[in-house]
Amino acid sequence: MPSFDEVLKEAGEFGRFQKRIFFLLSQTGITFSSLYASVVFLGRAPGNFWCRIPGAAELSERCGWTLQEERNFTVLPLHLGNESVSGECERLDVTWDASASCASPLARYGNHSTGSLPLAPCHDNWGYEQPHSSMVSEYDLVCGNAWMLDLSQAILNLGFLAGAFILGYAADRYGRIPIYLLSCLGVGISGIIVAFSPNFTVFMIFRFLQGMFGKGTWMTCYVIVTEIVGSDQRIVGIVIQMFFTLGIIILPGIAYLIPTWQGIQLAISLPNFLFLLYYWVVPESPRWLLTRKKGEKALKIMHDIAKHNGKFLSPHYSEITVSNEEVSNPSFLDLVRTPQMRRNTLILMYAWFTSALIYQGLVMRLGIIGGNLYLDFFISGAVELPAAFLIIVTIDRFGRRLPFAMSNIVASIACLITAFLPEDIPWLKTTLATLGRLSITIAFEVVYLVNSELYPTTLRNFGVSLCSSLCDLGGIIAPFLLFRLAAIWLELPLIIFSILAAVCGLLVLLLPETKGIPLPETVEDVEQLPSHFGKCGKKRKQRDTNSYI
């Protein structure tokens with residue numbers, strides 16, 4: 001009986017059929033990246049806001065004040081008494097009632113100068129010039145509640161983490177396509193509820209669910225694409241991430257054209273319903289069908305693939321075998337039991353954590369540094385496009401380890417220099433920050449490839465899932481680290497990013513080089529992987545080549 005890879009080679013490893021499926025499923029990257037980075041625009045600063053005096057809403061309605069007039073009556077007296085008081089997080093400790101004058105609501109306190117009136121902190125009553133432009137103004141995420149914006153992004157990443165485990169397991173058990181379609185439906189429905197949430201609690205619950213289902217769409221589409229192409233087409237895993245970058249580029253255009261946060265939320269959520277049409281055009285993964293003992297369905301799909309690719313399968317193919325079936329119930333101990341496996345696992349977990357934390361931190365930083373948010377975000381997204389090209393050009397020429405290490409080192413240097421550059425040379429500051437963004441994007445994309453090449457077949461899926469879960473942990477920590485440290489000093493997060501990236505750049509040099517080496521089949525193969533350049537690598541490659549002859 002032929003193996004699946006043998007049948008796939010005859011049907012076409014990356015023909016017209018696979019290219020069509022690749023293009024269709026890659027669109028998921030656009031919607032997922034928009035969700036991933038949406039907090040920059042959903043939670044943007046709401047413009048001018050002030051702490052409202054109790055009774056201000058009723059008095060403003062009775063007097064017919066505009067928002068600006070109400071703000072003047074509220075904030076200007078504060079400035080007269082104390083210029084250092086902004087009026088955003090504290091107010092005069094007074095109350096406006098029905099007896100207050102429309103022309104001078106503070107006249108009843110005329111015996112006191114405004115400077116002698118006591119102040120009170122603001123807890124739950126603010127006024128905004130643009131009340132529905134941001135979820136910050138919608139749910140009063142300002143002053144003492146500002147940390148709740150960080151929490152909203154952390155909850156999204158917690159949903160990503162839950163989706164990786166729950167939906168990843170479900171996709172292995174029930175199939176790739178059913179879970180992909182369920183996830184698309186879940187993202188769309190939860191996204192609509194997020195947009196119209198009556199309170200912040202409901203918002204957080206469904207933002208978590210949107211993150212969980214969103215990770216399900218991205219993860220399953222990535223798996224389907226890689227499972228229907230030949231083993232020599234590893235480049236597909238890099239190219240599909242260009243669609244993730246495309247979503248980052250499109251997002252500021254959506255936010256520029258749509259003035260409200262609800263509109264932006266709907267614009268990035270509703271397209272997921274269109275993916276439900278894939279039920280009729282994207283087949284189940286034949287590799288998965290074989291693991292579930294459904295060889296006849298797998299063979300039928302392989303005949304369809306061959307037909308669309310202009311190929312023809314031999315009529316004697318009546319059954320397919322799948323080689324290298326994975327062991328059941330792997331555990332974390334399997335990943336750290338031997339020296340090389342232990343070192344690889346710990347370094348990869350740190351690399352995933354660092355890449356995600358720095359990448360997401362640099363993305364969200366654009367929302368707090370001022371300037372033209374839309375243009376800056378577009379430029380920073382566009383600069384990610386060369387990342388995939390640079391990876392493709394360098395990994396087969398220089399190997400995996402050197403580009404992996406250098407991208408982290410360059411990101412570290414760029415972040416460090418950016419932090420200490422003066423504000424009066426913005427072009428240089430922007431250039432270096434952009435270089436840091438490009439470098440960490442390269443590191444983020446390389447870790448996908450390296451992770452799968454450093455685990456044996458029997459532990460590969462489990463190892464990649466476990467290590468990449470640290471990516472979501474980094475995303476959970478990123479908003480708290482960025483916004484809280486930036487409140488101390490705007491550039492302090494860049495110092496932390498620089499240190500983390502430098503350590504990662506040094507650690508990945510300890511990983512084995514996998515250029516030109518077959519994927520390891522057993523733990524013993526991993527233990528024998530070369531840990532330095534030179535004759536050792538060449539001997540290993542020659543030995544493995546001979547073993548296939």
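Starting from 0.36 nm per residue, how many nanometres of slack lie between residue 277 and residue 337 once their C-alpha separation is accounted for?
17.1 nm
Using a 1.4 angstrom probe and counting only protein chains, how large is the accessible area of residue 303 in Å², to 10?
Solvent-accessible area, nearest 10 Å²: 80 Å².
Treating the angle as unsigned and between 0 and 90°, give the value, to the nearest 10°, between the Cα long axis of helix 67-81 and the longest Cα principal axis of the chain.
70
With the Cα gyration tensor of the range 209-266 giving a ≥ b ≥ c as the square roots of its eigenvalues, does the rule (a/c under 1.5 for rounded; else a/b larger than b/c for prolate; else oblate) give rounded, prolate or oblate?
oblate
I need the calculated FRET efficiency for the pair residue 294 and residue 382, taking r as the beta carbon distance and R₀ as 45 Å, to the nearest 0.05. Show your work: numbers first, answer last.
Values: r = 44 Å, r/R0 = 0.97.
Computed FRET efficiency for residue 294 and residue 382: 0.55.
Return a whole-number percent for the relative contact order of the chain, with Cα pairs under 8 Å and 6 or more residues apart as the contact set.
Answer for the chain is 19 percent.
Please give the length that would be gained between residue 524 and residue 428 if that part of the chain were fully extended, namely 0.36 nm times their separation in residues minus their C-alpha to C-alpha distance (nm, one decimal).
29.6 nm
With a cut-off of 8 Å between alpha carbons and a minimum separation of six or more residues, what is the relative contact order of the range 330-531 in percent?
Details: 263 pairs, mean separation 77.2, N = 202.
Reported relative contact order: 38 percent.
Where a ≥ b ≥ c are the square roots of the eigenvalues of the C-alpha gyration tensor, would you call the chain rounded, which needs a/c under 1.5, or, failing that, prolate if a/b is larger than b/c, or oblate?
prolate
At a 1.4 Å probe radius, carbon and sulfur cover how many percent of the accessible area of the chain?
Its accessible area is 64 percent carbon and sulfur atoms.
If you take the square roots of the eigenvalues of the alpha-carbon gyration tensor of the range 240-391 and sort them as a ≥ b ≥ c, do you get rounded (a/c under 1.5), prolate (a/b over b/c) or oblate?
Taking the square roots of the gyration eigenvalues as a ≥ b ≥ c, the range 240-391 is oblate.
Give the aspartates and glutamates reachable from residue 297 as a straight Cα distance under 14 Å; neighbours fewer than 8 places away on the same chain don't count.
Here the aspartates and glutamates satisfying the reach criterion relative to residue 297 are 284, 319.
What percent of all Cα-Cα pairs in the range 330-531 falls into each 10 Å bin, going from 0 up to the bin containing the maximum distance?
Reading the bins upward from 0: 9, 35, 32, 17, 6, 1.
Past 24 Å, Cα to Cα: identify those pairs from 9/293; 307/515; 215/307; 19/311; 294/515; 19/515, in the order given. Could you put the intermediate results ahead of the total?
On the way: 9/293 21 Å; 307/515 34 Å; 215/307 33 Å; 19/311 15 Å; 294/515 35 Å; 19/515 26 Å.
Flagged as over cut-off: 307/515; 215/307; 294/515; 19/515.
Set the Förster radius R0 to 30 Å, insert the Cβ-Cβ distance between residue 23 and residue 393 as r into 1/(1 + (r/R0)^6), and round the FRET efficiency to 0.05.
0.85
Taking the simple approach of a point 7 Å from Cα along Cα-to-Cβ for both residue 303 and residue 129, what is their distance in nm?
6.9
Give, rounded to the nearest 20 debye, the magnitude of the charge dipole that the range 330-531 has about its Cα centre when Lys and Arg contribute +1 at Cβ and Asp and Glu contribute -1 at Cβ. Display every interim value, and only then the final one.
On the way: 12 positive and 15 negative charges, 39 e Å.
About 180 debye.
On the principal axes of its Cα set, how long, how wide and how thick is the range 187-241? Give whole Å, largest value first.
Per principal axis, max minus min of the Cα coordinates gives 51, 15, 13 Å.
Helix 426-453 versus the longest principal axis of the chain: what angle, 0 to 90°, nearest 10, using Cα atoms?
40
Whole-Hz ³J(HN,Hα) for each residue in the range 212-226, computed from phi via Karplus 6.51 cos²θ - 1.76 cosθ + 1.60 with θ = phi - 60°, x for glycine and proline: what do you get?
Result, rounded to whole Hz: 5, 5, x, 5, x, 5, 5, 5, 6, 5, 5, 5, 4, 4, 6.
Tell me, what is the Rg over Rh of the range 409-448, with Rh the Kirkwood radius over Cα pairs?
Reported Rg/Rh (Cα atoms, Kirkwood Rh): 1.07.
The values are calculated or read from the model by the stated rules, or taken from the named source; none is laboratory data. Worth saying up front: this structure is predicted, and the values here are computed from it rather than measured. Note that we place each Cβ from the backbone using ideal geometry, even for glycine, and neighbour counts take in every protein chain shown. Protein only, heavy atoms only, side chains kept; ligands, DNA and RNA dropped before computing areas. Shrake-Rupley method; radii C 1.70, N 1.55, O 1.52, S 1.80 Å.
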